[in-house]
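J.: Below: one structure in structure tokens.
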Amino acid sequence: MRKILGIGAAVAAGLMVALATPAHPASAHPLGNFSVNQLAALDLYRDRVQVTAIVDIAELPTLQERSTVDTDRDGTASDAERAGFAATTCAALAAHFALSIDGHRLEWTVGDTGFRYAPGSAGLQTSRLDCALRSAAPLGAPATVDVANGFRSDRIGWRELTAAGHGVTLVDPPVPARSISNGLTAYPRDLLSSPLSERSAQLRVRPGAGVPAAAAAPATAAPVSFTVRWTAGAESALRQMVGSRHLGPLVGLLAVLLALVLGAAHAALPGHGKTVMAAYLAGRAGRPRDALVVGATVTLTHTGGVLLLGLLLTTVAGVAGETVLGWLGVVSGALVATVGIAMLTGALRRRGRPAQHRHPHHGRSHEHHIHSHGPDEAHDHDHHGLGDAHGHDQERAKPGRLATVGMGIAGGLVPSPSALIILLGAIGLGRTAFGVLLVLGYGLGMAATLTAAGFALIRLRDRLAQRQGVAHRLAGRLSAVLPTGTAAVVLLVGIGLAGRALATL
């Protein structure tokens, strides 16, 4: 018994330490594990233009490209293989990096190239590509220079342009002379929520040396909420556990507990539809078992989604993970909107029917009758209790199985990128079963939060319905418009979720 209590205390203490651990500022990619971040630094001379291009590639695209780098498939990217990959990729970058002087496009010569790996999250690796481009350019007279970077334009991430003159002057340049991210090594925190997206610029150049450009002002860190810091710290701790070469039983148990907590925390943040699910269950006279069905469906859908997306990303190198997540978000929003349309249609149809008024039944007890109106809804007519206070039947549509499962699928359809990183990191270290267990923990944590929200709103609705007097009469009046209002909210939220996902594509 003492041993068990000791283990429990150690796990609890470890969990508290992990949750209190702050996120490491240099940890991985603050813009996301799907990101491909780019910097193009232009140096303009009177007779030439030189470009130093840097591509900072996060964990997931690095993992996808591993087989392209490791051409002999022996599991190790040799120096020769990395050099060959760098030369090929830099040539592709040069082909997509357009620079024109007064409408005449330059032809690039690719100089030094380099490609290397660096440790990333959860035992995965990041990578970095360096390319040097050069071209002759007639800048001995005033000219207009147009720049457009189209390399990997389908990938999300930081896009930065800089331009500096050497023997020429840039007139009111729209881009800074020096990188504000220190060559993609230190991204300014106050720009992470709205990262740079400098993909093109127009520069006006004239001969003559101007005033040397000052260094870009260091960006000040924006305040970060406690919830965001706490979640980032817990994610960082979990990734370190998964990426550890030596994983003992105690650390493994702590990792599972952290996965549960993180899943619950992610569901508590905006964007997982918990509010609309709870409103749906309350507005549709949902029962506790309906909330359980939603929770179970969220768990299964989220777990299956992470596993399938992980398989897709590791077998198809050309698939952009963020694009897949975007389309899944569209489908999730469309599901919610479809349920909202069905709810609104049913509510308007019921409001259009004449009310059924009661007649006294001489004090005799009567049964509670339920008349079925199809697979998705049923109406109940109460001949005693609350119905007598209203004076007429209040029809309340119970959620159908199809709609309830649909809401659960919508809640778990978009996989958590954090869970995906954990899964792929565990697989890379030969711990596939452990990775699946952690993903299941994420799903269970999400389901617990969503189910609890549904329970809470159902209980609140039932308590309001039990009150007598003025409050009860007010609740009765509200119940006449609640189904329509709830349906409208569900529909609008679904449209909003789909629209937000479309905006990322």
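J.: Taking residue 198 as the residue in question, decide whether it is within 23 Å of the chain's Cα centre (by Cα), farther than 22 Å from residue 417 by Cβ and open to solvent by less than 30 Å² (accessible area, probe 1.4 Å). Let's see the steps before the verdict.
T.: On the way: within 23 Å of the chain's Cα centre (by Cα): yes; farther than 22 Å from residue 417 by Cβ: yes; open to solvent by less than 30 Å² (accessible area, probe 1.4 Å): no.
Judged against the criteria, residue 198 is not a match.
J.: Since residue 222 meets every condition but one in (1) open to solvent by less than 60 Å² (accessible area, probe 1.4 Å); (2) at pLDDT 70 or above, which condition does it not meet?
T.: Condition (2) is where residue 222 drops out.
J.: Go through (1) on the phi < 0 side of the Ramachandran plot; (2) surrounded by 13 or more Cβ atoms within 10 Å (Cβ to Cβ); (3) modelled with pLDDT of 90 or more one by one and return the number of the condition residue 183 breaks.
T.: Answer for residue 183: the failing condition is (1).
J.: What pairs can you find where one residue is in segment 99-125 and among the basic types (Lys, Arg), the other is open to solvent by less than 30 Å² (accessible area, probe 1.4 Å) and assigned to a loop (DSSP other than H, G, I, E, B), and their Cβ atoms are less than 6 Å apart, with a gap of 6+ or different chains?
T.: Short answer, once both residue conditions are applied: none.
J.: Among the residues that make up segment 81-90, is at least one of them hydroxyl-bearing (Ser, Thr, Tyr) and open to solvent by 60 Å² or more (accessible area, probe 1.4 Å)?
T.: Our first condition is that a residue be hydroxyl-bearing (Ser, Thr, Tyr); within segment 81-90, this holds for 88-89.
Filter once more, keeping what is open to solvent by 60 Å² or more (accessible area, probe 1.4 Å): 88.
Scanning segment 81-90, I find at least one residue that is hydroxyl-bearing (Ser, Thr, Tyr) and open to solvent by 60 Å² or more (accessible area, probe 1.4 Å), so the answer is yes.
J.: Determine which member of the set 132, 118 is aliphatic (A, V, I, L, M) and at pLDDT 95 or above. Can you show your working first?
T.: Numbers: 118 fails: at pLDDT 95 or above.
Just one listed residue meets the conditions, 132.
J.: Next question. For residues that are open to solvent by less than 60 Å² (accessible area, probe 1.4 Å), part of a loop (DSSP other than H, G, I, E, B) and not charged (D, E, K, R), scanning just segment 152-172, find the one that is nearest to residue 43 (Cα to Cα). Can you show your working first?
T.: Residues of segment 152-172 open to solvent by less than 60 Å² (accessible area, probe 1.4 Å): 152, 155, 157-165, 167-171.
Okay, now just the ones that are also part of a loop (DSSP other than H, G, I, E, B), so 152, 155, 157-158, 167.
Of the ones still in play, those that are also not charged (D, E, K, R) are 157-158, 167.
Values: 157: 23, 158: 20, 167: 10 Å.
Going through the qualifying residues, I end up with 167.
J.: I need every pair where a residue in segment 338-360 that is surrounded by 11 or more Cβ atoms within 10 Å (Cβ to Cβ) has its Cβ under 9 Å from the Cβ of a residue that is hydrophobic (A, V, I, L, M, F, W, C) and modelled with pLDDT under 55, sequence separation at least 6 or different chains.
T.: 343/397; 346/397; 347/397; 350/397
J.: Separate question: Tell me, please, whether a residue that is of a type in the set (D, E, K, R) and touching a strand residue (DSSP E or B) at 6+ places or on another chain (Cβ under 6 Å) can be found in segment 185-200.
T.: Taking segment 185-200 as the starting set, the residues that turn out to be of a type in the set (D, E, K, R) are 189-190, 198-199.
Filter once more, so that each one left must be touching a strand residue (DSSP E or B) at 6+ places or on another chain (Cβ under 6 Å): 198-199.
Within segment 185-200, one or more residues are of a type in the set (D, E, K, R) and touching a strand residue (DSSP E or B) at 6+ places or on another chain (Cβ under 6 Å).
J.: Which of the residues belonging to segment 428-439 are assigned to a helix (DSSP H, G or I) and modelled with pLDDT of 80 or more? Walk me through how you get there before you give the answer.
T.: Restricting attention to segment 428-439, the residues satisfying the condition of being assigned to a helix (DSSP H, G or I) are 428, 432-439.
Matches in segment 428-439: 432, 433, 434, 435, 436, 437, 438, 439.
J.: Name every residue in segment 58-82 that is over 23 Å from residue 158 (Cα atoms) and either assigned to a loop (DSSP other than H, G, I, E, B) or hydroxyl-bearing (Ser, Thr, Tyr) (or both), in order of residue number. Walk me through how you get there before you give the answer.
T.: The first filter runs over segment 58-82 and keeps only residues over 23 Å from residue 158 (Cα atoms), leaving 67-82.
Correct list: 67, 68, 70, 71, 72, 73, 74, 75, 76, 77, 78.
J.: Quick one: in segment 111-131, which of the residues that are closer than 20 Å to residue 162 by Cα and surrounded by 16 or more Cβ atoms within 10 Å (Cβ to Cβ) is nearest to the chain's Cα centre (by Cα)? Spell out how you get there, then give the answer.
T.: Here is the first cut: in segment 111-131, the ones closer than 20 Å to residue 162 by Cα are 111-113, 128-131.
Keeping just the survivors that are surrounded by 16 or more Cβ atoms within 10 Å (Cβ to Cβ) gives 113, 128-131.
Details: 113: 33, 128: 24, 129: 26, 130: 29, 131: 31 Å.
Ranking the qualifying residues of segment 111-131, first place goes to 128.
J.: I would also like to ask the following. Yes or no: segment 471-483 includes at least one residue that is in contact with a helix residue (DSSP H, G or I) (Cβ under 7 Å, 6 or more places away or on another chain), modelled with pLDDT under 75 and closer than 30 Å to residue 260 by Cα.
T.: Scanning segment 471-483, I find no residue that is in contact with a helix residue (DSSP H, G or I) (Cβ under 7 Å, 6 or more places away or on another chain), modelled with pLDDT under 75 and closer than 30 Å to residue 260 by Cα, so the answer is no.
J.: Of the residues in segment 156-171, how many are closer than 13 Å to residue 145 by Cβ and either modelled with pLDDT under 90 or touching a Ser or Thr at 6+ places or on another chain (Cβ under 9 Å) (or both)? So that I can check it myself, show each step before the final result.
T.: As a first pass, look at segment 156-171 and keep what is closer than 13 Å to residue 145 by Cβ: 161, 163-165, 168-171.
Keeping just the survivors that are either modelled with pLDDT under 90 or touching a Ser or Thr at 6+ places or on another chain (Cβ under 9 Å) (or both) gives 161.
So the answer is 1.
J.: Within segment 49-79, track down each residue that is over 25 Å from the mean Cα position of the chain (by Cα), open to solvent by 20 Å² or more (accessible area, probe 1.4 Å) and modelled with pLDDT under 95.
T.: Within segment 49-79, 67, 68, 71, 72, 73, 74, 75, 76, 78, 79 qualify.
The values are calculated or read from the model by the stated rules, or taken from the named source; none is laboratory data. Quick caveat: nothing in here was measured; it's all calculated off a predicted structure. Cβ atoms come from the backbone with ideal geometry, glycine included; neighbour counts cover every protein chain shown. Remember, those area values only see protein heavy atoms, side chains included, never the ligands or the DNA or RNA. Shrake-Rupley method; radii C 1.70, N 1.55, O 1.52, S 1.80 Å.
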